Amino acid sequence: IQVLLLTNGYVALNAGCLCLACIDLLGVPVNAAPLAVAMLYVLSMHLLNHLTGTAEDRYNDPERARFYENYRLPLSFLSLTAGGLGILAAAKMGTAAFVILSVMSLLGLSYNLYILPDLPGWKYRRIKDIPGSKTVLIAAAWGVVAVLLPGIAAKGHLSASIAVVFIWATALVFARTAFFDLLDVQGDRIMGKETLPILLGNRRTIVMLKGLLAACI
C-alpha cells in the first residue's frame, strides 16, 4: 500500500473510479479507453508534480521526498510512459479527445517552466507562481479527463448533463486537493508557495470546503 501511495498508483486508481462513476451518471456506455486515459494522465501528472516538488516535500513529507530522490530516473520514465500511453488511449476516443489531452499534457509539462522573462517588479514567470493555481488546475484537469473526454466522445457535443457532472466532479477533486494543501501548509509557506490555505487562512479554507462538499451532496 505504501508503494502505491508513494508512486501515485493509488491516486490513479481513484481517478479511474471517479471516471467510472461519472460515466454512469452521464448514462453513456462504459468503455476501457476513458478509464485508461483518466488513470494514466493523473498518474503521469502527479508523478511529475512530485518529481519537481521535492523541495516542499522535504518539509511536508520527508519519506516521500527521499523516495523520489532515490528513484528519480525510474519514476521519470514511468511518468513519461504513462503520459504517452494516455495520449494513445485518447486517440482511440477520437480526434477531439486526442487534441484536448495533448494540450493538457503540454500545459502540465510547462507548469514549472519559466515562460515569461525576468521583468522588474513582476514575480509571476511560471504558471506555478500564480497564487492558488495548483488547486484549481488539478481539479479542472481531473474534471476534464473524468467527465468531458468520455462525455463528448460518447455524445459528440457538450450537453447540460456533461456540464453538471463536470462541475460536481471538479468540486470534489478541488476539495480533496485543498484538503491536502492544508496538511502541507508549513512546507509550502517555507518555500514561498501561495496555496489556497496560505491565501485564505486555515479556518476560512475549512469553512469553504465544508460548504463545497455540502453543495456536492
Practice task
Within the range 120-148, track down each residue that is closer than 19 Å to LEU106 by Cβ, in a helix (DSSP H, G or I) and either over 15 Å from the mean Cα position of the chain (by Cα) or modelled with pLDDT under 90 (or both).
Solution key: ILE127, LYS128, ASP129, SER133, LYS134, VAL136, LEU137, ILE138
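Is it true that LEU80 is modelled with pLDDT of 90 or more and either surrounded by 18 or more Cβ atoms within 10 Å (Cβ to Cβ) or out of contact with any Phe, Trp or Tyr (no Cβ under 7 Å at 6 or more places or on another chain) (or both)? So that I can check it myself, show each step before the final result.
Working: modelled with pLDDT of 90 or more: yes; either surrounded by 18 or more Cβ atoms within 10 Å (Cβ to Cβ) or out of contact with any Phe, Trp or Tyr (no Cβ under 7 Å at 6 or more places or on another chain) (or both): yes.
Here the answer is yes, as LEU80 does meet what is asked.
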Handout entry: Where a residue in the range 1-20 is over 29 Å from GLY151 (Cα atoms) and its partner, wherever it lies, is of a type in the set (A, V, I, L, M, F, W, C) and in a helix (DSSP H, G or I), with Cβ under 6 Å and at least six apart
Key = LEU6/PHE67
Handout entry: Any pair with Cβ under 6 angstrom, 6 or more apart, that starts in the range 195-213 at a residue that is closer than 10 Å to LEU182 by Cβ and ends at one that is modelled with pLDDT of 85 or more and not hydroxyl-bearing (Ser, Thr, Tyr)
Key = LEU196/ALA178; LEU209/ALA175; LEU209/ALA178
Practice task
Only helices (runs of 4 or more DSSP H) wholly contained in the range 1-60 count here; list those with 2 or more residues that are among the β-branched types (Val, Ile, Thr).
Solution key: 9-26, 32-51
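The values are calculated or read from the model by the stated rules, or taken from the named source; none is laboratory data. Because the structure is a prediction, the values reported are computed rather than measured. Note that we place each Cβ from the backbone using ideal geometry, even for glycine, and neighbour counts take in every protein chain shown.
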